[in-house]
Amino acid sequence: QVQFVESGGGLVQPGGSLRLSCAASGSIFSLYAMGWYRQAPGKQRELVASIGLSGRTNYVDSVKGRFTISRDNAKNTVYLQMNSQKPEDTAVYYCNVYPSVSEFWGQGTQVTVSS
């Protein structure tokens, strides 16, 4: 019984910042690596960033230096700090374990980067 609820999305201008949060229910959170994923209109869902149990992180090349993933196991929450946003960051953002599990997908949160 794992559920992820994403929040923090919205409309932001190019160059701006947003901080996404993902609250997880269940006891699985602290046992698995986590990831932030996104799906832009007309494109496949892609892994944006991941964070392991030890805190080791990995990022898709397009967001390196701009995005930061972090986790707070005590709060069952994973975050995605998004800086220097670009229009191509526009997408619905989801969190899930990594590798993802189909049954765990939530509703996601919309991020729109536009002037």
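Structure summary
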quantity	calculated
Some residue of the range 59-69 being touching a Cys at 6+ places or on another chain (Cβ under 8 Å), open to solvent by less than 20 Å² (accessible area, probe 1.4 Å) and modelled with pLDDT of 95 or more	no
Selection status of GLU46, free of Cβ contacts under 8 Å to residues at least 24 places away in the same chain and out of contact with any Asp or Glu (no Cβ under 6 Å at 6 or more places or on another chain)	yes
Identity of the residue in the range 22-32, outside any strand (DSSP E or B) and either touching a strand residue (DSSP E or B) at 6+ places or on another chain (Cβ under 6 Å) or buried (at least 16 other Cβ atoms within 10 Å of the Cβ) (or both), that ends up modelled with the lowest pLDDT	PHE29
Search result, residues across the range 10-36 that are on the phi > 0 side of the Ramachandran plot and more than 14 Å from the chain's Cα centre (by Cα)	GLY15, GLY26
Residue in the range 2-9 that is open to solvent by 20 Å² or more (accessible area, probe 1.4 Å) and farther than 27 Å from THR112 by Cα present	yes
Those residues of the range 47-58 which are in contact with a strand residue (DSSP E or B) (Cβ under 6 Å, 6 or more places away or on another chain) and either over 12 Å from TRP36 (Cβ atoms) or open to solvent by 40 Å² or more (accessible area, probe 1.4 Å) (or both), in sequence order	LEU47, THR57, ASN58
Residue match in the range 68-80 (condition: free of Cβ contacts under 8 Å to residues at least 40 places away in the same chain and within 21 Å of LEU11 (Cα to Cα))	yes
Residue that is surrounded by the fewest Cβ atoms within 10 Å (Cβ to Cβ), among those in the range 78-108 that are part of a helix (DSSP H, G or I) and of a type outside the set (Phe, Trp, Tyr)	SER102
Strands (runs of 3 or more DSSP E) fully within the range 36-77 counting 1 or more residues that are in contact with a helix residue (DSSP H, G or I) (Cβ under 7 Å, 6 or more places away or on another chain) and within 14 Å of ASP89 (Cα to Cα)	46-51
Among (1) open to solvent by less than 20 Å² (accessible area, probe 1.4 Å); (2) touching a Gly at 6+ places or on another chain (Cβ under 9 Å), the one test that GLY35 misses	(2)
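The values are calculated or read from the model by the stated rules, or taken from the named source; none is laboratory data. Every value quoted in this text rests on a predicted model; they were computed, and no experiment measured them. For neighbour counting, all protein chains shown are included, and Cβ atoms are generated from backbone atoms with ideal geometry for every residue, glycine included. What goes into the accessible areas is simple: the full protein's heavy atoms, side chains included, and nothing from ligands, DNA or RNA. Shrake-Rupley method; radii C 1.70, N 1.55, O 1.52, S 1.80 Å.
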